[in-house]
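Structure first, commentary second.
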Amino acid sequence: QLEEYADEAAGLIVSLMNPKMEEKVMASGIPAVNVAGSLRKPKIPTVRNDDHQMGTMACEQLLAMEHQHLVSISPDNQSGYYSERRHQGFMMAALQRGVEPREVSLNERELAACPKPFGVFAHNERMARDLLEILKPMEVDIPYDCAIISAGDEPSICRILKPTVSAIPIDWKA
C-alpha cells in the first residue's frame, strides 16, 4: 500500500518492528528513517535510543533505593533487539558495581526463587505489566518485597498499573 504514496511522499519516518515490515518499506522506493530499535541489523537508516544506558540507569536507580538483590527479565523473541541492549546494560552495570544480578524469565517459579527484597528491571512497559500480573497472585508486596522499574514511561500503561511502575523516561526529542 505504500506504493500509492510514492509520488506524494518525500520520505517516511517509520517504526519497524520486524524484517518483513522493513522489506515492504524498502520495496516502496520511498526514502525512510526507522525510529525503532527492534531490528538487530536494520537495512534502513535508523535512529536509536541509548538502550544500554537505560539499563545502566535502571540498575543505578535500584541500587540508590538500596536493593542488594537485582533481577533483569530475560529478553524474549517478542521484545526486540532494544530489550537485549537494555538487559546487557543492566547486567554489566550491576557487575561493575559489585552486585551479582539474576536473569529470570517471566514465570512464577523463577520469580519465587528471587531473594526478597529485590529490585527488578522490566525492559519496557508491557513487560512490567506482565510482571505485575504474575506477581499479584503470588502475594508479593510491591514495592517492599519487589521494586519494579521499566524503561519508557508510556502513560497508557505505566501510570494506570496498580501499583504504578517507576520508569526511566525516554527522551524522544532530537
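The values are calculated or read from the model by the stated rules, or taken from the named source; none is laboratory data. In this text the structure is predicted, and so the values were computed from the model without any measurement. Backbone-built Cβ (ideal geometry, glycine too); neighbour counts: all protein chains shown. Ligands, DNA and RNA are excluded from the accessible area calculation, which covers all protein heavy atoms including side chains. Shrake-Rupley method; radii C 1.70, N 1.55, O 1.52, S 1.80 Å.
Numbers at a glance
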quantity	calculated
The stretch 148-167: number of residues that are at pLDDT 85 or above and either hydroxyl-bearing (Ser, Thr, Tyr) or surrounded by fewer than 22 Cβ atoms within 10 Å (Cβ to Cβ) (or both)	1
Selection count, the stretch 60-99, where residues are over 21 Å from Pro143 (Cα atoms) and open to solvent by 80 Å² or more (accessible area, probe 1.4 Å)	7
Per-region count, the stretch 36-49, residues at pLDDT 85 or above and open to solvent by less than 70 Å² (accessible area, probe 1.4 Å)	3
Extreme residue, farthest from the chain's Cα centre (by Cα), among residues of the stretch 3-28 that are surrounded by 12 or more Cβ atoms within 10 Å (Cβ to Cβ) and part of a loop (DSSP other than H, G, I, E, B)	Ala9
Residue list for the stretch 117-136, filter: open to solvent by 60 Å² or more (accessible area, probe 1.4 Å) and modelled with pLDDT under 90	Arg126, Arg129, Asp130, Glu133, Lys136
Residue in the stretch 74-96 that is part of a loop (DSSP other than H, G, I, E, B) and over 20 Å from Ala151 (Cα atoms) present	no
